[in-house]
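Contents: one structure, followed by commentary.
The values are calculated or read from the model by the stated rules, or taken from the named source; none is laboratory data. The structure displayed is predicted, hence computed values, not measured ones. Virtual Cβ from ideal backbone geometry, glycine too; neighbours counted across all protein chains shown.
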Amino acid sequence: MTWSTYVFPKQPISKGASDITVLSIAGNRMYHHGKEVISSSVSCAIEGFLSFIQQVPRPVFLAGHNIKVFDCPLLFNALENNEKVSEFVKLIYGFIDTKVLFKKQLPNLSSYSQENIYKSVTGNNYNAHDALEDVSSLQLLVNTSNVSIQSCNEATFDCNYVLSSLAYSMCITEKYFNL
């Protein structure tokens, strides 16, 4: 069972991000490797994602590399902007940050980028920063790395953690700008 979509950004894609992801925008069209792709608005993407999650057997954990620091804040901001946080929270049991997981599982690596972990474990490279390739490589890493329950528990967090972190960040930002 899979779900995937390109999301048309509300803001321009920076040159650096475009160089890494090979995504570009021209007018109201999105391109990947110079080839036009079908994209969705953030609100349509959220609706599609929620519909997909509803079909997945419970409990649902979302795994991602550096998800705690990068993906979850972006996801929850998008959910909040589309008034979908409460619906999402009812569907998701928690998250697993594979960067935290592999720091526990493979403590002597020089770098914990997903690409470096993949190369260390498999001896191969993969097409990093392509969402489908990232997911496939991460699934292979988790499935072949004999991850311990303790490491997995230490890399797990719930929706309340994300919501509390976002509230704290907003509070700090507000206090900083009111000095």
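Of the helices (runs of 4 or more DSSP H) lying entirely inside the range 1-92, the ones with 3 or more residues being closer than 25 Å to residue 142 by Cα and in contact (Cβ under 8 Å) with a residue 24 or more places away in the chain are found at 42-55, 72-81, 85-91. Can you report the number of residues in the range 106-140 which are more than 20 Å from the chain's Cα centre (by Cα) and among the hydroxyl-bearing types (Ser, Thr, Tyr)? The number of residues fulfilling the criteria is 3.
Among the residues that make up the range 95-108, is at least one of them exposed (fewer than 15 other Cβ atoms within 10 Å of the Cβ) and at pLDDT 95 or above? Looking for residues that are exposed (fewer than 15 other Cβ atoms within 10 Å of the Cβ) and at pLDDT 95 or above, one finds none in the range 95-108, hence no.
Residues considered: 167, 128. Of these, the only one that is at pLDDT below 95 and either touching a Gly at 6+ places or on another chain (Cβ under 6 Å) or more than 19 Å from residue 65 (Cα to Cα) (or both) is 167. In the range 9-36, of all residues being closer than 15 Å to residue 74 by Cβ and surrounded by 11 or more Cβ atoms within 10 Å (Cβ to Cβ), the one that is farthest from the chain's Cα centre (by Cα) corresponds to 13. Within the range 125-160, the residues that satisfy the criterion of being in contact (Cβ under 8 Å) with a residue 40 or more places away in the chain, part of a helix (DSSP H, G or I) and either in contact with an Asp or Glu (Cβ under 8 Å, 6 or more places away or on another chain) or not aliphatic (A, V, I, L, M) (or both) are 134, 150, 151, 152, 154, 159.
Is it the case, given these coordinates, that residue 165 is part of a helix (DSSP H, G or I), over 30 Å from residue 33 (Cβ atoms) and in contact with a helix residue (DSSP H, G or I) (Cβ under 6 Å, 6 or more places away or on another chain)? No. Scan the range 42-59 for residues that are surrounded by 16 or more Cβ atoms within 10 Å (Cβ to Cβ) and acidic (Asp, Glu) and the total you get is 0.
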